[in-house]
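Below: one structure, written as structure tokens.
Nothing in this text is a laboratory measurement; each read-out follows from the coordinates by a stated rule. Treat the numbers as computed from the prediction; the structure is a model and nothing was measured. Ideal geometry is used to build each Cβ from the backbone, glycine not excepted, and the neighbour counts take in all protein chains shown.
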Protein chains: 2
Amino acid sequence: MEDINYIKENRLEDTGFAYTLKLISGKYKMQTLYAISLNQGPLRYNELKRLLTPISFKSLANTLRELEAAKLIYRKEYPKIPPKVEYGLTKLGESLIPVLDAICTWGEKQMK
Amino acid sequence: MEDINYIKENRLEDTGFAYTLKLISGKYKMQTLYAISLNQGPLRYNELKRLLTPISFKSLANTLRELEAAKLIYRKEYPKIPPKVEYGLTKLGESLIPVLDAICTWGEKQMK
DNA sequence: TGCGGTACTTACCTAAAGGAGAGTATAAAT
DNA sequence: ATTTATACTCTCCTTTAGGTAAGTACCGCA
């Protein structure tokens, strides 16, 4: 770091938008979080696959990995055969639900 | 329309998410709306360009055209030389601001 | 006479997102 | 012995978003 005065005008570059969007942008991320929320409890991989139809295996796996990395969901593995894995909301994930609600209900109001 | 019973399970395909996102997803759409909102009045093309740095001409033009097509902003052209064009929020656009606020403030809270 | 300012468009290129379809491990059930 | 079920991964392909750089039209100003 050199003591240069970086130009900091009234820019919008670093607002919370970019931050929030990094976590929830993607075709199915919000739906995934919402589905778990509506279920009022964790969901299994194939349950999510069905609810998020027509999502592909690849997208679902990616979506879940990224949401987990963002600490919005947790992954719990039951080591048995056939395998069982559950995905649930973390506290952080739950704190996003009201925001998702706002996005969803605004859209529904306009769709009519 | 034929009277076939389409399968309608508990899917999340057609929630308001997809609808809202079609309108506001993109690297600069929310910031654009937010910038106009913060300015409490319409902004000119080059003012937006500066505020949305480092946006490119192409992205800005695209962003504005799409927001206008979505009826979230209006475009007002003053036929003089050099040209002057203003972009402002429509009623619909204004109705989205609280949603954008929620997205932005959630992000800011997590950034700390 | 040529430069600057405004609001763009056009052509080309790259990177990232997402889809399709096949393959994997393991054990219980038939 | 074969099928079924779960939760994935892997490879290849197409689509889309966005960036770069240049060009355009018009007039006032020096």
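Points to keep in mind about this one:
- The residue of the stretch A:49-66 that is surrounded by the fewest Cβ atoms within 10 Å (Cβ to Cβ), among those that are in contact (Cβ under 8 Å) with a residue 24 or more places away in the chain, in contact with a helix residue (DSSP H, G or I) (Cβ under 9 Å, 6 or more places away or on another chain) and not acidic (Asp, Glu), is A:60.
- Selection of the stretch B:96-112 for residues being touching a strand residue (DSSP E or B) at 6+ places or on another chain (Cβ under 9 Å) and more than 7 Å from chain A (Cβ to nearest Cβ) yields only B:97.
- Answer residue from the stretch B:11-48, given it is farther than 17 Å from residue A:27 by Cβ, surrounded by fewer than 19 Cβ atoms within 10 Å (Cβ to Cβ) and more than 15 Å from DNA strand C (Cβ to nearest atom) and is farthest from the other protein chains (Cβ to nearest Cβ) among those: B:40
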